Amino acid sequence: MKNKFRLIPALIIILLAAAACGPTVETSTIPVIETEAPTQPATIAPTVPAVISECDNPLYPVVVGATWTYVISGPPDTTQMRTIQELRSDGFTDHDEFSAGASRTGEWTCQDGDLTALNPSGTSGITASVESSGMMADFQTTSSDGVTLPAVVTEGTTWSQHITLEGTQTINAIAVASKLSFGNDCTGAGEESVTVSAGTFTTRRVDCLSTMNITITMSGMEIPSITNSTTTIWYAEGVGMVKLVSDNDDGTTTNVELTEYNIP
């Protein structure tokens, strides 16, 4: 059963990603036209203000319909397609489909370009739902602080996120109470050129130390599992996450690379 639960940490680590800058529109004018009639005053087209969103973040374009496809080498070995499904004034909804048979829907909140995963307004309501063959997991956020990705990331920028999720995992029709605590401490590093299947990108490297503590309760017995990870993520401005490498203390390594993307 241990392999069943490895999927959840992988999904939450892969949640890290990004947003976009609103467009600007130049003003235009209609020149003065002189005839025998009195000169008409110039007409100036009104300026259209730039669209500004709380979710604007240069490292993660939050645009409805945007998609990213990644190849993931284990555990587990799979491919992932992420889609931005909905954008609100203060947050957005994304959805992941995995070729291994799992899917995940999650909520994000945004403030001044800071993006926070799995943290909707308040602490009620389902914040993340994961489905795979023979397994369904629904979690609620019971506590959260920090951000997943700040609006500005430069070399030396530090940030963290600590979140607790509680809910039920249903495995082969058996409901299992679960509690998941996740801590992520990150530091912005320098710019690096990274080549993946989707192309070559100038990226900002981010180094994170992560701790995942999962406790399941079966037949009145609590079964804890702790995983510590060292994760490096590469983000390209205007594109999003292009690569992730996570080394776990159990000796496993997860590699994620962008294969294609479409940002409307």
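The values are calculated or read from the model by the stated rules, or taken from the named source; none is laboratory data. The model shown is predicted, which means the values in this text are computed figures rather than measured ones. Neighbour counts run over all protein chains shown; Cβ positions are idealised from the backbone, glycine included. Quick note on the areas: whole protein, heavy atoms, side chains included, nothing else; ligands and nucleic acids left out. Shrake-Rupley method; radii C 1.70, N 1.55, O 1.52, S 1.80 Å.
The figures follow:
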read-out	value
Within-10-Å neighbourhood charge of P58 [Cβ basis; K, R +1; D, E -1]	-1
Positive minus negative residues near E191 (Lys, Arg vs Asp, Glu; Cβ under 12 Å)	-1
Segment 132-217, accessible surface, carbon-and-sulfur percent (1.4 angstrom probe)	48
Extension gain from D145 to V71, taking 0.36 nm per residue of separation minus the Cα-Cα distance	23.6 nm
Inverse of mean 1/r across different Cα pairs in segment 137-251, Kirkwood, Å	16.1
Heavy atoms of M221 accessible to a 1.4 Å probe, total area in Å² rounded to 10	120
